[in-house]
1. Using a Gaussian network for chain A with springs between C-alpha atoms less than 10 Å apart, which of these wobbles most: A:ALA253, A:ALA209, A:ALA183?
2. Set the Förster radius R0 to 60 Å, insert the Cβ-Cβ distance between A:VAL216 and A:LEU13 as r into 1/(1 + (r/R0)^6), and round the FRET efficiency to 0.05.
3. Over segment A:1-117, what is the relative contact order in whole percent, taking alpha-carbon pairs under 8 Å and six or more residues apart?
4. Using only Cα atoms, find the angle between the long axis of helix A:44-54 and the longest principal axis of chain A, and express it within 0 to 90 degrees, rounded to the nearest 10.
5. Top mean-square fluctuation among B:SER80, B:SER51, B:SER43, Gaussian network model of chain B, C-alpha springs under 10 Å?
6. Per residue, what volume in Å³ does the convex hull of the Cα atoms of segment B:223-333 enclose?
7. For the protein assembly as shown, what is the percent of antiparallel DSSP beta bridges, rounded to the nearest 5?
8. Work through the residues other than B:ALA106 whose Cβ is under 12 Å from its Cβ and net out their charges, Lys, Arg +1 and Asp, Glu -1.
Amino acid sequence: MLIYTLKRLVVALLVALTISLISFGLLFLSGDPATTIAGESADEAAIMAIRAQYGFDRPLYEQYFAWVLRAMQGDFGTSFYFNMPVTELIFERLPVTLGLGLAAITFAIILSIPLGVLAARYPNSLIDRLALTISVMGQAMPSFWFALLLIMVFSFMYPLLPPSGSETWVHFIMPTIVLGYYATPAIMRLTRTGMMEVLGADYIRTARAKGLRPRVVLFKHALRNAIIPVVSLAAVQLGFMLGGSIVVETIFALHGTGYLAWESIRRYDLPTVQAILLIFSLIYIVLTFLADLLNAWLDPRIRVA
Amino acid sequence: MAALLEVENLRVDIPLGAGDLHAVRGISFHVDRGETLCIVGESGCGKSLTSLSLMGLLPPKAVRQADKLFFDGIDLTQASQGKMSDIRGNRMAMIFQEPMTSLNPAYTIGNQLEEALLRHQKVSGKEARERAIHLLEKVGITGAASRLGQYPHQLSGGLRQRVMIAMALMCGPELILADEPTTALDVTIQAQILHLMIELQKEFGMGMILITHDLGIVARVADRVAVMYAGQIVESGTVNEVFDNPMHPYTQGLLRCIPVPGKTRRGEPLGSIPGIVPSLIGKIEGCAFANRCRYTFQDCLTTDVPLAETSPGRGYRCLLSDQQCLENAKEVA
């Protein structure tokens, strides 16, 4: 287990290194940053001054190491647009996005795993059809449309929930449902497929031959084996929801990092974009790492050599 | 004393688009305590479905019917799901053909052994653990206590089958159903496992149904034999009766297929039964073996052949006269 953990850790660090190179490279792929900062009307001297000020005139590798070193200390520079430290800017907004992402993945898991299990246990039954309907709808419905639909019904027709803002947990109910529902189909389908396969396995027949109760056969013997790929998928989905909740954050006016990323891209605010890219990639890497560990715990074939 | 297991006219049907597949076509047999009944037959003759149907473990689509299905006086045809699961693994246990895949990869050997006992009997975790260690030693696994913490993927096929046997014995069952328990193992291990099963069976006085297609195994371990073909028992009797005087042409054919050291000459072709088994979908007209039998005559194709009992427990399903069958049997022996 220790060796496995160390191996995964090394891989995670290598991925992190690669990501940092890419996010650094972005700054230069999108044109000359000095010209962007200086503005369209600036003359050559002003641009040169900015180059010197931000260190753009130094060799690339020097700039990269300087950036990484500062990033490791939590300093991502100053936002071109807000004129405040990027770190502060992000950490002000991160709780909103993290909270939303965690709530949404919890919602998705609570909805999709029991439904997936029941659908596999009773194929072609009413519950299977219900699960299928829910997942097809989830796949077909764009988030923005579903969000507007919820706002229309629950904020205007029946004013139960606030349509926008992020002040209290009540504000998060609709965004959580929209974002969580988005992740539901994939998790449910994978759970169902996995369970169907596992329920046909010889060791399930053995478990039944021992006279174990149906509940024990289903949850102890089948689900644990079927859930292994679902863990990896859920981790990826969570990472995706953290980075990709821009639409949902925009509609519900939740000022999270997704919204910030979108704003910053529009404003060519490169230090902010770089920092968000790097931080979310790191969160992604951590999630994948945790999923790997969870899988190793679930599956002794990974854990015990 | 009544038999431990009494089966009369057991049928298993699987509904298919093209009509019902009659996998088991009305078989009757019984097993006494301390006795081994071998059910022999080639792949697809319904022997595995027979054992699964006794356990109530048929696939959901399959339908089981029987005139009589008594286990120690309990009518299994009337038993509820809950009642069946109380018997399964407790008084009636099964050993499967596939040791490599029959253990759950996610749990330790110990966990999987103990849960059978904890499910059926009021014992503490410690007692269950002790029983598991005791049985692992019984089935010849060294370092039993340390094995409990191991996972199936750390064990070889032979060890896993030993674990499966120990698992079947956890609750001290009265009847063991072993469905080709040695087929997936290599030959040296096969012999060990068989020896072990017979020893344990004698020691615990269990009834055993051993399903196999290996006549060598039958000769060594069976008390009585039932030969199955196309979902029916075509011949039954004690092991000596069947091996000394195989009356049914199918049994004779099977025995001809076994090479005998010293008798079968080098380079001589091995015996075989030409043709293939008839489709089990719908009714079979006449004798099911007629299309492969070397003695077939006109009546075989049209007349349903009953199982003629010559003495209690000894019978076969053939239209030839006893005299004729006996002469054919001599030819094999």
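Read-outs throughout are calculated quantities, based only on the coordinates presented, and are distinct from any laboratory measurement. No experiment lies behind these values; they were computed from the predicted model shown. As a convention, Cβ positions derive from the backbone with ideal geometry for all residues, glycine included, and neighbour counts pool all protein chains shown.
1. A:ALA209
2. Numbers: r = 41 Å, r/R0 = 0.68.
Taking R0 as 60 Å, the efficiency between A:VAL216 and A:LEU13 is 0.90.
3. Details: 36 pairs, mean separation 13.8, N = 117.
Contact order relative to length: 12 percent.
4. For helix A:44-54, the angle is close to 50 degrees.
5. B:SER80
6. Numbers: hull volume 12.1 nm³, N = 111.
Expressed per residue, the convex hull around the Cα atoms of segment B:223-333 is 109 Å³.
7. On the way: 32 of 51 bridges.
Beta bridges within the protein assembly as shown, antiparallel portion: roughly 65 percent.
8. Details: positive: A:LYS220, A:ARG224, A:ARG301, A:ARG303; negative: A:ASP299.
Result for the local shell: +3.
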